[in-house]
1. Scanning the range A:141-177 for residues that are out of contact with any Asp or Glu (no Cβ under 9 Å at 6 or more places or on another chain) and of a type in the set (V, I, T), which turns out surrounded by the most Cβ atoms within 10 Å (Cβ to Cβ)?
2. Show the residue pairs that are 6+ apart or on different chains and have beta-carbon atoms under 6 Å apart, the first residue being within the range A:1-25 and facing chain B (nearest Cβ under 7 Å), the second being in a helix (DSSP H, G or I) and among the β-branched types (V, I, T).
3. Which condition from (1) among the aliphatic types (A, V, I, L, M); (2) more than 9 Å from every other protein chain (Cβ to nearest Cβ); (3) surrounded by 22 or more Cβ atoms within 10 Å (Cβ to Cβ) is the one that A:L68 breaks?
4. Got at least one residue in the range B:90-97 being free of Cβ contacts under 8 Å to residues at least 12 places away in the same chain, under 19 Å from B:T152 (Cβ atoms) and either among the aliphatic types (A, V, I, L, M) or surrounded by fewer than 19 Cβ atoms within 10 Å (Cβ to Cβ) (or both)?
5. Would you mention how many residues in the range B:46-89 are of a type in the set (A, V, I, L, M) and closer than 18 Å to B:E138 by Cβ?
6. Is at least one residue of the range B:12-32 touching a Lys or Arg at 6+ places or on another chain (Cβ under 7 Å), surrounded by fewer than 18 Cβ atoms within 10 Å (Cβ to Cβ) and not aromatic (F, W, Y)?
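Every number in this text was worked out from the coordinates using simple rules, so none of it is lab data. Please read all numbers here as calculations on a predicted model, not as lab measurements. Methodologically, a virtual Cβ is constructed for each residue, glycine included, from the backbone with ideal geometry; neighbour enumeration extends over all protein chains shown.
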Number of protein chains: 2
Amino acid sequence: MKLPAPLEAVIEALQQLPGVGAKSAQRMALHLLKEGPEAMNHLGDLLHHAAEKVGFCECCGAFADQPLCPVCADPRRDPAVLMVVAEASNVLSFERGGHFRGRYHVLGGLISPLKGLGPDQLRIRELLKRLEDGAIREIVLATNPTLDGEATAAWLARILEPVGMSVSRIGVGLPIGSDLEYADDLTLDRALEGRRKV
Amino acid sequence: MKLPAPLEAVIEALQQLPGVGAKSAQRMALHLLKEGPEAMNHLGDLLHHAAEKVGFCECCGAFADQPLCPVCADPRRDPAVLMVVAEASNVLSFERGGHFRGRYHVLGGLISPLKGLGPDQLRIRELLKRLEDGAIREIVLATNPTLDGEATAAWLARILEPVGMSVSRIGVGLPIGSDLEYADDLTLDRALEGRRKV
């Protein structure tokens, strides 16, 4: 006996989600089924609602259910400082801390020759357009400290510095609460390189 | 900044699924959002479709998108042997093996005084009704070898034996491919108890 086809279809779709394998997708679907049709319909409704309502900020590319995201719509945010991140979810990480008072620009990915992603596939034209009126004076490059993230930051720094921008890169080093013993060599190297006067 | 409310609602609903925590629910929702509204709508449609089509077999209680599940509808299955399981998903596990040729009865849970589940909350009345016409002669109790599973099996055996049924319990012991070294004491005890002549 196989599972009914409509249930198999749900399991297959759940399996496409990150971190969900065949077993956990089946467990989720069977759980929903056990809860009754209301539970399934409820999740279905929520998904349709989110698909209809949630999109991306016209200005920075972060998640928004309005034309502008809450950060771009907030007049108290510093218009002179712009943080460039790869993904819309990165904005959430910085906003959780709540210490950055500038605005954001989401690239929508990283330059990655291996994945065939070049500058043209990213929101770089939009970034340059935002710099045109001269309000932005400082740019913080906050892509991940990975191969692609570093390459993208270096590439951006090269095109942004000639425009007269003050460009910085987020600090790299040992994370707070970590142990020297478990840090990898590259992180230690970079932590030493990035040392600051006390 | 918080996530847009419709997205938060999706994340909250995903978190109700088994094995899904706050972080993975957010990751899933953001993945869907990044894929575009079509991906979200697609999953929503599949859920609605499954909620509408998939239910439980009128006879045995297994998953079915027809009044009868494929097993109950199959005239080649042995009508004299009935396997009693706790959950509809247990039927799938046995059907995967494909060696059991009888039919099933899903209890919809186990007797558990701690969870306030007594025989009346399970499909036991339906089970007794199926035994009335005398076609079923053998019953295999295939609840999990756990506290509740054993208690439910013992309880069922006590009420089924007086009706003149041949009642058996699935074998308990070392799983195939396992190592004596890692088996727990109770399993070893039961494996010894359940030894069979070669």
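1. A:T152
2. Pairs that qualify, where the first residue is facing chain B (nearest Cβ under 7 Å) and the partner is in a helix (DSSP H, G or I) and among the β-branched types (V, I, T), are A:M1/B:V71.
3. Unmet condition: (3).
4. There is at least one residue in the range B:90-97 that is free of Cβ contacts under 8 Å to residues at least 12 places away in the same chain, under 19 Å from B:T152 (Cβ atoms) and either among the aliphatic types (A, V, I, L, M) or surrounded by fewer than 19 Cβ atoms within 10 Å (Cβ to Cβ) (or both).
5. Here the count works out to 7.
6. Step one: of the range B:12-32, the residues touching a Lys or Arg at 6+ places or on another chain (Cβ under 7 Å) are B:18-19.
Filter once more, so that each one left must be surrounded by fewer than 18 Cβ atoms within 10 Å (Cβ to Cβ): B:18-19.
Filter again for not aromatic (F, W, Y), leaving B:18-19.
Yes, some residue in the range B:12-32 is touching a Lys or Arg at 6+ places or on another chain (Cβ under 7 Å), surrounded by fewer than 18 Cβ atoms within 10 Å (Cβ to Cβ) and not aromatic (F, W, Y).
A quick yes/no check of all residues on (1) more than 30 Å from B:W155 (Cβ to Cβ); (2) in a loop (DSSP other than H, G, I, E, B); (3) not polar (S, T, N, Q):
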site: B:V20; (1), (2), (3): yes, yes, yes
site: B:L32; (1), (2), (3): yes, no, yes
site: B:H42; (1), (2), (3): yes, no, yes
site: B:L46; (1), (2), (3): yes, no, yes
site: B:A50; (1), (2), (3): yes, no, yes
site: B:G61; (1), (2), (3): no, yes, yes
site: B:L68; (1), (2), (3): no, yes, yes
site: B:V71; (1), (2), (3): no, no, yes
site: B:R77; (1), (2), (3): no, yes, yes
